[in-house]
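Below is one structure, written out as structure tokens, with a few remarks after it.
The values are calculated or read from the model by the stated rules, or taken from the named source; none is laboratory data. In this text, all values refer to a predicted model and were calculated from it rather than measured experimentally. Ideal geometry is used to build each Cβ from the backbone, glycine not excepted, and the neighbour counts take in all protein chains shown. The protein model used for the area step is the full one, side chains on, heavy atoms only, and it has no ligands, DNA or RNA in it. Shrake-Rupley method; radii C 1.70, N 1.55, O 1.52, S 1.80 Å.
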Amino acid sequence: MKKKVLTAKALLPVIGMSLLLCVVCWSCGKGNGKAQKPLFTAEDTTIVLQLTQEYLNHVHDGEYDAAIAMLHDIMNDSVRDLTQEREESIREQQRMFPVVNYRLDEMEFVDEHRVQVSYVIEFFEKEPGSSIPNTIKLRFVPQRIKDQWYLELSEIATSRRTKLIERH
């Protein structure tokens, strides 16, 4: 009778399944017996979409102040009002690129507190057959802080982080 020799190659699937089982058991045990709330619920998704669409509807209707009042500057868990300079910059952008129509482009769940939502904005109606681009992308970064959702434009977060890097 021949002896079976187990090689490392033959053991790889067994080792892989064992590691996977360990990870699954470990992650299930992290809740200490308590039922864990999902990272994002259907209610969270609805709230985020409502916030972003409300902002876009305000801009569509020319209600720039109401739209701007919905935006915040968020750093870590700190929510701040926009600076006057930033408000004026956004107001100018709203006038240059009015919302004629919009559609949801992408929604990415970054972590349990932050989402990125992109819309394609049509800022003028173009003639049939025209090759002139009439859309831009607008990205929001809504964040949940202490069970409250706050709306931030992605470009605000980007410019703030750039300024922090430049200071150091």
Relative contact order as a percentage, segment 97-142, C-alpha pairs under 8 Å and 6+ apart, gives 37
Neighbourhood charge, 11 Å Cβ-Cβ cut-off, centred on Glu106 and excluding it, Lys, Arg +1 and Asp, Glu -1:
+1
How much net charge surrounds Gln50 when only the other residues with a Cβ under 13 Å from the Cβ of Gln50 are counted, with Lys and Arg +1 and Asp and Glu -1?
-3
Most packed first (mean Cβ within 10 Å per residue), the peptides 122-133, 84-95, 51-62 order as 51-62, 84-95, 122-133
Give me the net charge of Ile121's neighbourhood, meaning all other residues with Cβ under 10 Å from the Cβ of Ile121; Lys, Arg count +1, Asp, Glu -1.
0
Can you give the Rg/Rh ratio of segment 42-159, where Rg is from the C-alpha atoms and Rh is the Kirkwood radius?
0.98
So what is the relative contact order for segment 33-152, in percent, with contacts set as C-alpha pairs under 8 Å and at least six apart?
22
Using a 1.4 Å probe on the protein chains only, how many percent of the accessible area of segment 104-150 belongs to carbon and sulfur?
46
With a probe of 1.4 Å, find how much accessible area segment 62-120 has per residue, and write the answer as a whole number in Å².
59
